[in-house]
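S.K.: What follows is a structure written as structure tokens; I'll ask about it next.
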Amino acid sequence: MQDKYAHQDVERAAHAHWTATDAYRVTEDAGKKKFYACSMLPYPSGKLHMGHVRNYTINDMLTRYLRMNGHNVLMPMGWDAFGLPAENAALKNGVPPAKWTYENIAYMKQQMQAMGLAIDWSREVATCSPDYYKWNQWLFLKMLDKGIAYRKTQVVNWDPVDQTVLANEQVIDGRGWRTGALVEKREIPGYYLNITSYADELLNHVQLGNEKATLNGWPDKVRLMQENWIGKSEGVRFAFTHDIQGTDGALIGDGKMYVFTTRADTIMGVTFCAVAAEHPLAHHAASTQPALAAFINECKTGGTTEAELATQEKKGMATGLFVTHPLTGAQIEVWVGNYVLMSYGDGAVMGVPAHDERDFAFALKYQLPIKQVVAVEGETFSTDAWAEWYGDKQKCVCVNSGELDGLGHKAAVDKVAELLAARGLGEKKTTFRLRDWGISRQRYWGTPIPIIHCESCGPVPVPEKDLPVRLPEDLVPDGSGNPLNKCEAFLKVDCPCCGKPARRETDTMDTFVDSSWYFMRYCDPTNSEKMVAGGADYWMPMDQYIGGIEHAILHLLYARFWTKVMRDLGLVKVDEPFTKLLTQGMVLNHIYSRRTEKGGKEYFWPHDVEHVLDEGGKIVGAKLKNAVGDLPVGTAIDYEGVGTMSKSKNNGVDPQDLIEKYGADTARLYTMFTAPPEATLEWNDAAVEGSYRFLRRVWGFGHKLSAIGGLGALAAGVSGQSLSKAAKALRLEIHTVLKQVDYDYQRMQYNTVVSGAMKMLNALEDFKGDGGEGDNAALAEGFGILLRALYPATPHIAHTLWSGLGYAAVSGDLLDAPWPKADESALQRDEIELVLQVNGKLRGSVIVPAGADKAAIEAAALASEAFQKAANGAAPKKVVVVPGRLVNVVV
């Protein structure tokens, strides 16, 4: 073997071996315990980033470790290939999204293969493939048939210049991200999935402390995020009445304006009501009030999510309309509020400014009455400033509330519900923050919704035999809306019911649909007759899912919902898709910038910068160490600390550059060693170099051992050898570390796995033997254990050394070699070292046989040079022995 570690040669040879043996193809095997480990599929953006490297290496280490332990392990990969970035790239480059996407997939696949990942590529899926999205369409039609999918109008962000719908993140300060036009809210028809009918089950399985919870292998923080998003609330839904008539003479809403509240105990404190801009009462009032109509139009340029509404300035305008309080008969003024969403609840809220912080601020702003109706003993109410106790429902009792006075929260809610029910105006109700999932997107690059629009028959489902409805892959978006609307070849179709000319639906599905079941398709990737089949029965549920915390809510929630729908349709047998979840930490790097003359920001690559440090070594600034553009060496720039790697901030590290310079094993080792999987990883070039030096040491030691020859046979026969004291000590150290490494693998603490491997190498390098058969056997065994411990992290170098040094000839290919188990006999010590104290003070140590009794330990202590020196001739009065720890001589 070569004396120098040539990573490119090592990795090229390893890849050739794995390809030739089809090493990673996995099939169902009833005779083995299965384990399904999967990383969240990537978007084919063009290049891998270090977050990908970290995510996939975590998965790869788990896969290889379990395979060596006899499991049948599946690690597949695919591509979340539909979506807006491809359309944006098409706009920029003038190429079809399909071409851009497939080219990116090919390049990123090469990068993954260069990393040496144990991926079964025979199961690869791309969500933009008709073979895949056919089943999106098929299941949508099944859900439509069962009433889980349905059509209704939805409020969207509309760019009047581009004539297209914008996602919330594309609206910046109320304007379209590309055109800068003021965005409008429009109501257009779209398709929804009834996820709310599964709300209770979705909550029960994830909720902390719920006896029905099944997702105990998920991080608590993710479970709590899901619980809060589902947002179960128990309260009262009731109506304010009115006699307001529409233009047709009928009472608007049958004379009732409904609201839902979890604080029915504060009902006597209602001093106003607020409705959404789209509420029928708002429309009615605006028809005769131009100022109100203008305000409503302004509201329509705002956000469409609760998160956006929470941060924007709360504005309102009185409608001049009044509704009647259901218990007191008081007239309550109705306002339009920009913080009320029509899509949440009934599009109206009761305003209790004394006991709701948002209402309190709104009332102060518009000088509305504030009436205290609950009190906490010892606290004084004031309208000068909000106090937390104003909204406390645990300690409060009702005041100024008539027959509710003196009642606590629960008793008051019960009483209010009783009074409202008696009037036929309300009842207790459980509601959820979760809303049905709108899947219609006015986008081109996505799964076509399989609906045909006929003037005679209305919306008609595409017959199952005609699936998939294929998306044309040669269209190029030009910024003027969905290009499908101009594609006659796609649009024109005959109605399946009456045969008359009709047109296809041009909306496509939300890309969350694609990622809601891809992990199922991995189980039966080439089945053209069924969405899933026997493979899903074998592999599901997934045993370990790995991905970023940014997907903790929507992706995971939709995947859980989709699984339950598939279960209810008889397609799968599992209730939940993911048994365990690991959310890996972000990869961070330093950020450097400066303000340009025009006020913008210019970012600098870390390799062009050096830090400015204070006397304590703390970073206080930065300056250029290389000239950048017109900026000379030494130019002072701003140091912004560390943040997530990003191309836009010039602080990313290209894995391809790293692989070419140091090798994939170095990249893998560094990302695993520097931090635990769940923690953030701060990039450190020096630590990358350190990982590379460690691998060179491993190679160098292997080269040294190659002179012995036949290491596999030597290692296998170590237990039959007569071992020297040094060899026994080496085995003790190696097997002690192995025991910890094995435990760390089981708990996926891969940073300490790597540190354990480093301890093993140190012990091997420090070994001083006489070169006898027993010493060589101990070295051979120890290095074989090190290679197997390192293999899941650095498979290329471990595979090459394992094969080249003769281990494969005895134990087989490293991929399936048995995982080493700590030899209990090696962990038994012949001698132990005890702390020696004289009169309670540390004076040294004493070595005794491991099985020595108290008398033998006393004798050894008294005979030791350390005692003789410390006692200075004094006779011992008492000897105290603490077995396995110390001996204390009192003189």
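S.K.: Helix 50-68 versus the longest principal axis of the chain: what angle, 0 to 90°, nearest 10, using Cα atoms?
M.R.: Helix 50-68 sits at roughly 60 degrees to that axis.
S.K.: How big is the Cα convex hull of the stretch 124-278 in projection, averaged over all directions, in nm²?
M.R.: Taking a quarter of the hull surface, the average projection is 16.3 nm².
S.K.: Can you give the net charge of the other residues whose Cβ lies under 10 Å from the Cβ of Ala98, counting K and R as +1 and D and E as -1?
M.R.: That sum, taken over residues with Cβ under 10 Å, equals -2.
S.K.: Now, a different point. To the nearest Å, what is the center-to-center distance of the stretch 400-468 and the stretch 340-359, using C-alpha atoms only?
M.R.: First find each Cα centre; the distance between them is then 17 Å.
S.K.: Determine the distance separating the Cα centre of the stretch 231-289 from the Cα centre of the stretch 504-536; give it in Å without decimals.
M.R.: So the two Cα centres are separated by 42 Å.
S.K.: Turning to a different aspect of this structure: Cα atoms only: what Rg and Dmax, in Å, come out for the stretch 437-581?
M.R.: Using the Cα atoms of the stretch 437-581, the pair Rg, Dmax is 17.8, 52 Å.
S.K.: Limiting things to C-alpha atoms, what are the Rg and the maximum Cα-Cα separation (Dmax) for the stretch 831-890, in angstroms?
M.R.: Cα-based Rg and Dmax for the stretch 831-890 come out at 10.2, 30 Å.
S.K.: With everything on Cα atoms, drop me the angle between helix 290-299 and the longest principal axis of the chain, reported from 0 to 90° to the nearest 10.
M.R.: Relative to the chain, helix 290-299 is tipped by roughly 20 degrees.
S.K.: Just the C-alpha atoms of the stretch 587-670: what Rg/Rh do they give, with Rh taken as the Kirkwood radius?
M.R.: When Rh is taken as the Kirkwood radius, the ratio is 1.02.
S.K.: In what sequence, highest mean first, do 618-629, 347-358, 66-77 appear when ranked by Cβ atoms within 10 angstrom?
M.R.: 347-358, 66-77, 618-629
S.K.: Separate question: Quick one: order Ser401, Ser593, Ser287 by neighbouring beta-carbon count within 10 Å, fewest to most.
M.R.: Ser287, Ser593, Ser401
S.K.: As a footprinting exposure proxy, order Ile172, Ile637 by other Cβ within 10 Å, with the fewest listed first.
M.R.: Ordered by Cβ neighbours within 10 Å, fewest first: Ile172, Ile637.
S.K.: Another question, then. Percent of alpha carbon pairs in the stretch 233-429 separated by more than 20 Å?
M.R.: More than 20 Å apart: 56 percent of the Cα pairs in the stretch 233-429.
S.K.: Given Lys134/Lys232; Lys232/Lys256; Lys598/Lys623; Lys486/Lys601; Lys598/Lys649, which pairs have Cα atoms separated by over 29 Å?
M.R.: Pairs exceeding 29 Å: Lys134/Lys232; Lys486/Lys601.
S.K.: A further question follows. Relative to the longest principal Cα axis of the chain, at what angle does helix 220-230 sit, 0 to 90 degrees, rounded to 10?
M.R.: Relative to the chain, helix 220-230 is tipped by roughly 10 degrees.
S.K.: In addition: Quick check: residue separation of Glu234 and Asp657 times 0.36 nm, minus the Cα distance between them. What number comes out in nm?
M.R.: 146.7 nm
S.K.: With an 8 Å Cα cut-off and a minimum separation of 6 or more residues, compute the relative contact order for the chain in percent.
M.R.: The value is 13 percent.
S.K.: In the stretch 344-460, how does Rg compare with the Kirkwood Rh, expressed as the Rg/Rh ratio over alpha carbon atoms?
M.R.: Taking Rh as the inverse mean 1/r over Cα pairs, Rg/Rh reads 1.21.
S.K.: Mind checking Rg over Rh on the stretch 696-816, alpha carbons, Kirkwood formula for Rh?
M.R.: Radius of gyration over Kirkwood radius for the stretch 696-816 works out to 0.94.
S.K.: Quote to one decimal, in nm, the extra length available between Ser480 and Lys33 on full extension: 0.36 nm per residue of separation minus the C-alpha distance between them.
M.R.: Net length gain for the segment: 155.5 nm.
S.K.: Something else about it: Take the alpha carbon atoms of the stretch 582-628, find their center, do the same for the stretch 1-45, and report the distance between the two centers in whole angstrom.
M.R.: 37 Å
S.K.: Additional query: Taking 0.36 nm per intervening residue step and subtracting the Cα-Cα distance, what contour gain separates Leu364 from Gln828 on full extension?
M.R.: Roughly 159.3 nm would be gained on extension.
S.K.: Kindly give the semi-axes, whole Å and largest first, of the ellipsoid equivalent to the stretch 664-739, taking each as the square root of 5 times a Cα gyration tensor eigenvalue.
M.R.: Over the Cα atoms of the stretch 664-739, the ellipsoid semi-axes are 33, 17, 10 Å.
S.K.: For the chain, place one equal point scatterer on every Cα, skip the solvent, and apply the Debye formula. What is log10 of I(q)/I(0) at q = 0.05, 0.10 Å⁻¹?
M.R.: So the normalised log intensities are -0.43, -1.24.
S.K.: Where a Cα-Cα gap under 17 Å defines reach, which aspartates and glutamates qualify for Lys109, not counting those fewer than 8 residues away within the same chain?
M.R.: Glu11, Asp22, Asp60, Asp80, Asp120, Glu124, Asp654, Asp657, Glu660
S.K.: While we're on this one: So if we plug the beta-carbon distance of Lys429 and Asp248 into 1/(1 + (r/R0)^6) with R0 = 41 Å, what FRET efficiency do we get, rounded to 0.05?
M.R.: 0.85
S.K.: Enumerate by residue number the GluC sites (Glu not before Pro) in the stretch 520-624 meeting two conditions: DSSP loop (anything except H, G, I, E, B), and at most 15 other Cβ atoms within 10 Å of the site's Cβ.
M.R.: In loop regions of the stretch 520-624 (DSSP not H, G, I, E or B), the sparsely surrounded GluC sites (Glu not before Pro) are Glu529, Glu597, Glu615.
Read-outs: derived from the displayed coordinates by stated rules, not from any lab. Just so it is clear, the model here is predicted, and its values are computed rather than measured. Every residue, glycine among them, receives a Cβ derived from its backbone with ideal geometry; neighbour counts consider all protein chains shown.
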